[in-house]
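Everything below concerns the one structure shown next.
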2 protein chains.
Amino acid sequence: MQSNKDAARKTPRLDVHNSDVPLVCRACESRHKGVCGSLTPDQLVQLSKHTTKHVYRSQSELITVGDDVHTYSNILSGVVKLTKLMADGRQQIVGLQFAPDFLGRIFSSQSSYSAEAATDVRVCSFPKSVIEDLARSAPNMEHALHEQTLKELDEAREWMLTLGRKTATEKVASFLYLIASNIDPELDDDEHTIRFELPLKRLEIADFLGLTIETVSRQITKLRKSGIIELENNRTVIVPSLARLQGACENEQ
Amino acid sequence: MQSNKDAARKTPRLDVHNSDVPLVCRACESRHKGVCGSLTPDQLVQLSKHTTKHVYRSQSELITVGDDVHTYSNILSGVVKLTKLMADGRQQIVGLQFAPDFLGRIFSSQSSYSAEAATDVRVCSFPKSVIEDLARSAPNMEHALHEQTLKELDEAREWMLTLGRKTATEKVASFLYLIASNIDPELDDDEHTIRFELPLKRLEIADFLGLTIETVSRQITKLRKSGIIELENNRTVIVPSLARLQGACENEQ
DNA sequence: CGACGCCTTGATCAACTTCAAATTTTGTGG
DNA sequence: CCACAAAATTTGAAGTTGATCAAGGCGTCG
């Protein structure tokens, strides 16, 4: 997705040991990834002056609909869910974000969705104004944010196809495939078997797929009985063949 | 949505009669809107050197999945639908674009969806390289494109809620409300009644809503019988009260 | 242990789809 | 302008999928 065109825009990446890079950033896993990865040491210094790290416990809110947003964050670890709520309580998860995604609707003081920690989440936060000043003055910063937005848009549209046109089984398979691709999975000796923890509980999966919790449960059982997945426990999934799981995302009937 | 923060970034808008503005742009309805609206006369000149205008007939393809894209376009009039197709033929419209939207997945040579004219469409096209060079060298250009991407992302997520959690009637009402808000409607003497042409046929509405054509037809009939809309003919809709239509988008049962 | 949260399973029901056909609208050529 | 064919839409009846309602199981924590 990232093309070689981008490489030209980036300031040549300096060695991690370069003393220009601020201390907080030097040991950061996101240092070379996501938005931070395309910043110059100078910009990192400017940013790091206002950086704070936070841990959010699972199910706590990072951004509330309607509230003014004063910070943006880099996700260092964990999974964040973006949810929309209807007046009568119906809920839809409209996006999942993983490290090292950038969190926050830039150039807008209000969010039209809330962001909640699906798992425990560690973030590196920056005041809104610092990010926006940097975006205004540093084209590479705005470009990095733009790429992040484009990635989210591609993912949202892919999910629209899932929501609008896939069957319940295909939806659940698509969800498992999404997680398998985004969580760093343990690869088994038999290099084709992968294993991972689900970051969402059944109700959240239902809210992501536009289904009910019962239907999600039944489809998981169905995928298990058909041998496409195995369950070590409710949260731990083993995928013997990623190709077979992928096939289940779009079943020719 | 556009905030006053943006105003500061924009070069002060020059008078339309300013001779610096190229001829093709001077008479253009999009001149002050969309991406072009935030360009300087110099940038417009640079862009206009490579500008071509096209008309696409309804149902013709502007962008085909998998094909390399060599141009970006500004929509001058008409409606463009972005569609995704599954191997077995299931189809989902993942976005609708209206004038003066910018069309094309920037910074990527391939599109993961196709773009088709839903109605006759007039566009102003630019070679990919010119746009991307401009985006690289002119921060205000990239910012304008970024704002467009953010707007599309907000719309996509709003629609994910519709696809995932709304009933068939609510979906159709939401679609009509979307069109009423994006097509410039005729306002009746009685200032509350609005009237517009549907840019999509029933099958396309179904593909946008994740429904079948029959269900769409039945829901339209239902909305008509309940007095929320009137039909002048298959394509012409009259909305006596926009507030009532909005209410139908999210019905407390 | 007992209560609670979470997940699964079963039975029934409603919403939406599918299949089929009728009806209306649109386009074309004489 | 009419006749006719093709396309689009509507309507009806039956079938399916997934939702709802209800109950029970499992694991954790006080």
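Rule-based calculations on the coordinates, nothing more; no lab input. Computed from a prediction, not measured in an experiment: that's the story for all the values here. Using ideal geometry, Cβ is built from the backbone for each residue, glycine included, and neighbour counts are taken over all protein chains shown.
Would chain A count as rounded, prolate or oblate if I go by the C-alpha gyration tensor, calling it rounded below 1.5 in a/c and otherwise prolate when a/b exceeds b/c, oblate otherwise? Provide the component values of the computation, followed by the final result.
On the way: a/c = 2.07, a/b = 1.58, b/c = 1.31.
Prolate is the answer for chain A, as a/c is 1.5 or above and a/b outweighs b/c.
Please list B:91-97, B:120-126, A:212-218 highest first by mean number of surrounding beta-carbon atoms within 10 Å per residue. Could you put the intermediate results ahead of the total?
Details: B:91-97: 22.4, B:120-126: 20.6, A:212-218: 15.9.
Most protected by this proxy first, the peptides run B:91-97, B:120-126, A:212-218.
Which distances, shortest first and in nm, link B:THR236 to the matching position in the other copies, using label points set 7 Å out along Cα to C-beta?
6.7
Provide a whole-number value for the mean count of partner chain Cβ atoms within 10 Å of the Cβ atoms in peptide A:210-219.
Details: counts 8, 1, 0, 0, 0, 0, 0, 0, 0, 0.
Neighbouring Cβ atoms belonging to other protein chains average 1 per residue here.
Between rounded, prolate and oblate, where does the protein assembly as shown land on the alpha carbon gyration tensor, with a ≥ b ≥ c its root eigenvalues, rounded for a/c under 1.5, else prolate if a/b exceeds b/c? Don't skip to the end; give the middle numbers.
Numbers: a/c = 1.64, a/b = 1.06, b/c = 1.55.
Note, shape of the protein assembly as shown comes out oblate.
Work out how far the C-alpha atoms of segment B:204-253 reach from end to end along every principal axis, then list the three figures in whole Å, largest first.
Projected onto the principal axes, the Cα atoms of segment B:204-253 cover 29, 26, 16 Å.
Karplus couplings for segment A:80-93 from phi (6.51 cos²θ - 1.76 cosθ + 1.60, θ = phi - 60°), rounded to Hz, Gly and Pro as x?
Couplings: 10, 10, 9, 10, 10, 10, 8, 4, 8, x, 4, 10, 9, 7 Hz.
Based solely on its DSSP helices, what 222 nm [θ] is calculated for chain A when runs of n ≥ 4 H residues each add -39,500 (n - 2.57) and the sum is averaged over all residues, nearest 500 deg cm²/dmol? Walk me through the numbers before you get to the answer.
On the way: 9 runs with 98 residues, N = 253.
Here the helix-only value at 222 nm equals -11500 deg cm²/dmol.
When each copy gets a label point 7 Å from Cα toward the beta-carbon at B:GLU197, what are the spacings between them in nm, shortest first?
Nearest to farthest, the other copies are at 5.7 nm.
Going 7 Å from Cα along the Cα-Cβ axis for the label, what nanometre distances separate B:VAL24 from the same residue across the other copies?
Its label point is 4.8 nm from the equivalent points in the other copies.
List the residues whose amide H sits under 5 Å from the amide H of B:THR71, counting only those 5 or more places along or on another chain, with H placed 1.01 Å from N in the peptide plane.
B:LYS128
Counting only other chains, and only Cβ atoms inside 10 Å, what mean value do you get across the residues of B:172-182?
Numbers: counts 0, 0, 0, 0, 0, 0, 0, 0, 0, 0, 0.
Per-residue shielding by partner chains comes out at 0.
Compute the helix-to-body angle for B:128-137: its Cα long axis versus the longest principal axis of chain B, expressed 0 to 90° and rounded to tens.
Helix B:128-137 sits roughly 70 degrees off the main axis of chain B.
In the structure displayed, which of B:LYS151/B:LYS201; B:LYS201/B:LYS225; A:LYS151/A:LYS201 lie more than 23 Å apart, Cα to Cα? Provide the component values of the computation, followed by the final result.
Working: B:LYS151/B:LYS201 25 Å; B:LYS201/B:LYS225 20 Å; A:LYS151/A:LYS201 25 Å.
Result: B:LYS151/B:LYS201; A:LYS151/A:LYS201 exceed 23 Å.
Positive end of the dipole of the protein assembly as shown, charges at C-beta (+1 Lys, Arg; -1 Asp, Glu), about the Cα centre: which of B:VAL21, A:THR212, A:THR64 has its Cα farthest in that direction?
In the protein assembly as shown, that residue is A:THR212.
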